[in-house]
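Have a look at the structure below before the remarks.
The values are calculated or read from the model by the stated rules, or taken from the named source; none is laboratory data. Keep in mind the model is a prediction, meaning the values are calculated, not measured. For neighbour counting, all protein chains shown are included, and Cβ atoms are generated from backbone atoms with ideal geometry for every residue, glycine included.
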Amino acid sequence: MTDCPNVQMRERLPDLLHDALDASDRAALEAHLAGCADCAAELAVLRSARHVMSAVRVPVLDTASIVAALPRPVALHLSGTVPRRSRTIFRIAAAVSFIRQAVSPWLSRGRSSAT
């Protein structure tokens, strides 16, 4: 697949996919799609990806309760280094936060499609 040289039309494909275009923009993009195999192929890929992602069920993470369950930070040793236990807790909290940020787009899609 190659890229369509008409960047403006190509960048509107996700808007078409999500019904976020007004009637005139939609008509212009659909006319472009009728003559552009590159954009038509890219739209097909976007539709396929959307279909696959709609079938994925991502578990809801309650990060507030996870953070609340973590032990309180341990005071620093006199040497100024962070104790091993505190480093481990920090890594766990960072991993939970990262996972939450990574799955939040899928969570919001699942909620909006369920309504």
Result of the Cβ filter at 6 Å on the stretch 30-48, keeping first residues that are more than 13 Å from Leu17 (Cα to Cα) and partners that are of a type in the set (A, V, I, L, M) and assigned to a helix (DSSP H, G or I), at least 6 apart or interchain, is His32/Met9
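It is to be established whether one or more residues within the stretch 91-99 are in a loop (DSSP other than H, G, I, E, B) and at pLDDT 65 or above.
Narrowing the stretch 91-99 to residues in a loop (DSSP other than H, G, I, E, B): none.
The answer is no, given that none of the residues of the stretch 91-99 is in a loop (DSSP other than H, G, I, E, B) and at pLDDT 65 or above.
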Flagged in the stretch 86-101 as in contact (Cβ under 8 Å) with a residue 24 or more places away in the chain and of a type outside the set (A, V, I, L, M), in numbering order, are Ser97, Arg100
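How about the stretch 1-28: which of its residues are assigned to a helix (DSSP H, G or I) and under 25 Å from the mean Cα position of the chain (by Cα)?
Looking only at the stretch 1-28, we keep the residues that are assigned to a helix (DSSP H, G or I), and these are 7-11, 13-17, 23-28.
Correct list: Val7, Gln8, Met9, Arg10, Glu11, Leu13, Pro14, Asp15, Leu16, Leu17, Arg26.
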Scanning the stretch 100-115 for residues that are among the hydrophobic types (A, V, I, L, M, F, W, C) and exposed (fewer than 11 other Cβ atoms within 10 Å of the Cβ), the one modelled with the highest pLDDT turns out to be Ala102
Taking the stretch 49-73 and keeping residues without any contact (Cβ under 8 Å) to a residue 24 or more places away in the chain, closer than 17 Å to Ala95 by Cα and part of a helix (DSSP H, G or I) leaves Ala64, Ser65, Ala68, Ala69
Does Gly80 satisfy the criteria of being out of contact with any helix residue (DSSP H, G or I) (no Cβ under 9 Å at 6 or more places or on another chain) and modelled with pLDDT under 75? yes
